[in-house]
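Rule-based calculations on the coordinates, nothing more; no lab input. As the structure is a computational prediction, the values presented were derived from the model and not from experiment. Methodologically, a virtual Cβ is constructed for each residue, glycine included, from the backbone with ideal geometry; neighbour enumeration extends over all protein chains shown.
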């Protein structure tokens, strides 16, 4: 469970986040929406401890009920994982990359136990990357690389998961693979906060939606409340419409004319 | 479909082979020199018998040990810096080691020309002070405490100290010969009393580097992922740069400014063994030690009885070899 209480963060020149209140509970997916530069990634960085400036960060972040300042970096890595937006191309293989996900639990030399190896193999199977087991990450396409890093995060097996635009460069097949796995993580009672740009996808995936604009939280509620509010139109310039898709009524958004 | 499969290196064979070459070169350094001494006379000399005992035990053995630890220290320092800054052009001289040590030696030779016994400690202090300034600038500001910020701070501080050296060389031209001898770098005249104080610290620092090698591997993932996996990236970077500075400063204190080892050896090691620092750190130490010892042997025998400092040999042979590596480099970079 992740709680932000009156969280504010400013850089030297600009207020990045103002009085953010957010509660993401176990077994729920919270989607962060907002225009570019609205503070979504900064919020994830504050929660994950990447931004930890005592001078510029105010308010409280509680992870599993404990103030995040009480955790050291290694302790936090056992309860919270982050998939960043920018992922480097590496010479290491996919299996090595995924095995890095076990780092918080193993010793100095990164030697994996049999259980860790089993976890790594299971995760690679789970995201359908078995054929890339010994392939260097640098030889993967952008989407496959994103999937490989996502697999590393799944191998980390933390109760709280932060995903910063995990499907930004993925095709439909890889996108559904990630969303399927995110659903499975939800069923495993994990707390998931995910940044998305696609509003339609956000409404389908989310249990809660938080919309940021200029560093302020302008909406926090269920997808149904989001659809019936004026937030889509005011912030994103789109309006919802419903249509039948595979026999079910689904919500889509179109640009307001 | 997978387009490329990784070819994994056989670690035991790699290290057996490297250790074999290392031992051979180390032994050659004792057996070969500007004065020809027969095989059995060298053996006798090692036992303390015969006329050549002084040459073998007091000159060649400390020189061989000195070249090994100097090469190992510089190569490990280079690898650590390249890993910490994700910059494959980074080497000990980039973080101000050479310029700091050079400036300190220049000050010593200008103002205390007879204090030769202070050369080692003053170069060590100069090297560490320059690095401390670079780190101070880097850590004090979040704009400079980045991978490129550390390198750029180092370049600026190096330029400042180089200007100091140039200024002093104009004002005190008599000090230039001593400074030049130091700046070329070499192992001639290295005795046990020079290397005994530095052997243990260098070995301990290399061992410690090995202990943090897996954390260095995680830095390849980028700071965000590395922090998410439990690495305090800022602290790790500071520790790594301090270790690299100490290793380089210890080496500079008895061997002068030997260039290129810290840059070229990590590249050779990566070409052989990939990007795993758990393998690269001991391998770079072995290759660095072997390479400096080999350059020292060549410096002694090619123009015998005259001698060329191994620093000149390393740069003269290292530069074309480095270019060859760059040109024939397989696709892709580390990060």
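Okay, here's what the table says:
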item: Mean Cβ neighbour count within 10 Å, used as a protection proxy, ranking B:196-202, B:124-130 highest first; result: B:124-130, B:196-202
item: Centroid-to-centroid separation of the stretch A:25-75 and the stretch A:81-129 [C-alpha atoms, Å]; result: 23
item: Residue A:66 versus residue A:198: modelled label distance in nm, points set 7 Å from Cα along the beta carbon direction; result: 3.7
item: Distance histogram in 10 Å bins (all Cα pairs of the stretch A:58-201, percent per bin); result: 11, 41, 36, 12, 1
item: The stretch B:1-94, Cα convex hull volume normalised per residue, Å³; result: 163
item: Whole-Å distance, taken between Cα centres, linking the stretch B:193-223 and the stretch B:7-65; result: 25
item: Computed [θ] at 222 nm, deg cm²/dmol, chain B (DSSP H ≥ 4; -39,500 (n - 2.57); rounded to nearest 500); result: -23500 deg cm²/dmol
item: Per-residue average of Cβ from other chains inside 10 Å of A:75-86; result: 3
item: With 20 Å bins from 0: P(r) over the protein assembly as shown, alpha-carbon pairs, percent; result: 19, 43, 27, 10, 2, 0
item: Cβ neighbours within 10 Å from other chains - mean over A:91-101; result: 4
item: Whole-number D in µm²/s for the stretch A:94-151 (Stokes-Einstein; Kirkwood sum over Cα pairs; 20 °C, 1.002 mPa s); result: 186
item: B:108, A:112, B:59 arranged by Cβ crowding within 10 Å, fewest neighbours leading; result: A:112, B:59, B:108
item: For residues of B:212-225, the mean tally of beta carbons on other chains within 10 Å; result: 5
item: Largest-first principal axis extents of the Cα set of chain B (Å); result: 66, 53, 35
item: Ordering of A:52-63, B:153-164 by burial proxy (mean other Cβ atoms within 10 Å per residue, highest first); result: B:153-164, A:52-63
item: FRET efficiency for residue B:118 and residue A:122, using Cβ-Cβ distance with R0 set to 45 Å, rounded to 0.05; result: 0.10
item: 10 Å-binned pair-distance histogram of chain A (Cα, whole percent); result: 7, 29, 34, 22, 7, 1
item: Chain A: relative contact order in percent, alpha carbon pairs under 8 Å with at least 6 residues between; result: 26
item: Over the stretch B:49-148 - Rg/Rh using Cα atoms and the Kirkwood inverse-distance radius; result: 1.13
item: Principal axis dimensions, largest first and in whole angstrom, of the stretch B:63-210 by Cα; result: 43, 37, 21
item: Alpha-carbon centroid distance for the pair the stretch A:212-247 / the stretch B:237-294, whole angstrom; result: 56
item: Kirkwood hydrodynamic radius of the stretch A:197-248, Cα pairs, Å; result: 11.7
